[in-house]
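What follows is a set of notes on a single structure, which appears directly below.
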Amino acid sequence: LDRTDEALSVLDEAIQTLPDAQNLLWLKASYEEQAGNIENAIAIYQELYERESNSAIVANNLASLITSYRDNDEDLQRANIIVRRLKDTKVPAFQDTYGWIAFRMGRAEEAVDYLRSAAAALTNDPLVREHYGTTLAALGRAEEAAAEFQAAMDLVPEDRVEQRSRLEAAL
C-alpha cells in the first residue's frame, strides 16, 4: 500500500504549521531529491543554508545538488565557496562533494585523492564511482577510469537513463 501522497500531505501541513522546523524541511528536501524534483530540493536546501550556514551537512547537500545538476559558472563558483569548509574532511560523502567540485573547477589533481577515498568508502554509490572515474579519465588513467565506470554502470538502476547514457559513452 503506497501512502506517499498522504505522507507528503501531512509533511506539507506540518511545514505550514511549523515553518521553522528544520527537520521537516530536511525531510521535504530529501523527498524532492528522491522524486527527481531537483530544483525544489535545491530551493529547500538553500533556505536551510540561509538559516544555518554553519551546518556542514546542509552545505554538502546544497553544493552536491548544485554541481550534479547545474552547469553554469555562477552556480559552480557558489558551490565552491559553500564547500571550502569541507577541505581535509574525512567524511566520504563530503569527500565526494569536495572532490567533484574541485574537479569541476579544473583542479583534477586535488580532486582525485578526495574522490578515491569517497569511492573506496561508498562502493555502492554509482554517482561517487562515476565522479572518480571521470576524474581518472581526465588525468589520463584510462584503465582505472574504465573500471570505475563499469562499477558505476553495474550499480545504476535501469530507470536512470541519463546517467546510464553518460556511463556508456565514457566506457
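The values are calculated or read from the model by the stated rules, or taken from the named source; none is laboratory data. What you are looking at is a predicted structure, and each value in this text was computed from that prediction instead of being measured. Note that we place each Cβ from the backbone using ideal geometry, even for glycine, and neighbour counts take in every protein chain shown. SASA here: full protein model, heavy atoms, side chains in, ligands and nucleic acids out. Shrake-Rupley method; radii C 1.70, N 1.55, O 1.52, S 1.80 Å.
For the stretch 1-54, a residue qualifies if it is β-branched (Val, Ile, Thr) and surrounded by 12 or more Cβ atoms within 10 Å (Cβ to Cβ), and the qualifying residues are ILE15, ILE38, ILE42, ILE44. So LEU136 passes all but one of these: (1) open to solvent by 30 Å² or more (accessible area, probe 1.4 Å); (2) farther than 13 Å from ASN60 by Cβ. Which condition number does it fail? It is condition (1) that LEU136 fails. When ARG84 is tested against (1) buried (at least 23 other Cβ atoms within 10 Å of the Cβ); (2) modelled with pLDDT under 95, just one condition goes unmet, and that condition is (1). As a summary of the residue check, LYS90 satisfies the conditions (1) part of a helix (DSSP H, G or I); (2) modelled with pLDDT of 95 or more; (3) open to solvent by 70 Å² or more (accessible area, probe 1.4 Å) except for the one numbered (1). Checked against (1) surrounded by 13 or more Cβ atoms within 10 Å (Cβ to Cβ); (2) part of a helix (DSSP H, G or I), GLU74 passes all but condition (1).
With the condition kept exactly as written, say whether any residue in the stretch 153-165 is open to solvent by less than 30 Å² (accessible area, probe 1.4 Å), among the polar types (S, T, N, Q) and modelled with pLDDT under 95.
Of all residues in the stretch 153-165, those open to solvent by less than 30 Å² (accessible area, probe 1.4 Å) come to 153, 156, 163.
After this cut, where a residue has to be among the polar types (S, T, N, Q) as well, the list is 163.
Checking which are modelled with pLDDT under 95 leaves us with 163.
Among the residues of the stretch 153-165, at least one is open to solvent by less than 30 Å² (accessible area, probe 1.4 Å), among the polar types (S, T, N, Q) and modelled with pLDDT under 95, which makes the answer yes.
Could we say that VAL112 is of a type in the set (Val, Ile, Thr), at negative phi and open to solvent by 30 Å² or more (accessible area, probe 1.4 Å) here? For VAL112, the condition - of a type in the set (Val, Ile, Thr), at negative phi and open to solvent by 30 Å² or more (accessible area, probe 1.4 Å) - is not met. Can you confirm whether THR97 is at pLDDT below 95, open to solvent by less than 100 Å² (accessible area, probe 1.4 Å) and of a type in the set (Val, Ile, Thr)? The answer is no for THR97.
Of the listed requirements (1) surrounded by fewer than 17 Cβ atoms within 10 Å (Cβ to Cβ); (2) in a loop (DSSP other than H, G, I, E, B), ALA120 misses just one: (2).
Any residue at all in the stretch 134-141 that is within 30 Å of ARG51 (Cα to Cα) and either assigned to a loop (DSSP other than H, G, I, E, B) or β-branched (Val, Ile, Thr) (or both)? Give the steps one after another, and end with the answer.
Going through the stretch 134-141, the residues within 30 Å of ARG51 (Cα to Cα) turn out to be none.
The answer is no, given that none of the residues of the stretch 134-141 is within 30 Å of ARG51 (Cα to Cα) and either assigned to a loop (DSSP other than H, G, I, E, B) or β-branched (Val, Ile, Thr) (or both).
Among the candidates ALA43, ALA35, ALA56, single out the residue that is over 13 Å from the mean Cα position of the chain (by Cα), modelled with pLDDT of 95 or more and not basic (Lys, Arg).
On the way: ALA35 fails: modelled with pLDDT of 95 or more; ALA56 fails: modelled with pLDDT of 95 or more.
Among ALA43, ALA35, ALA56, only ALA43 is over 13 Å from the mean Cα position of the chain (by Cα), modelled with pLDDT of 95 or more and not basic (Lys, Arg).
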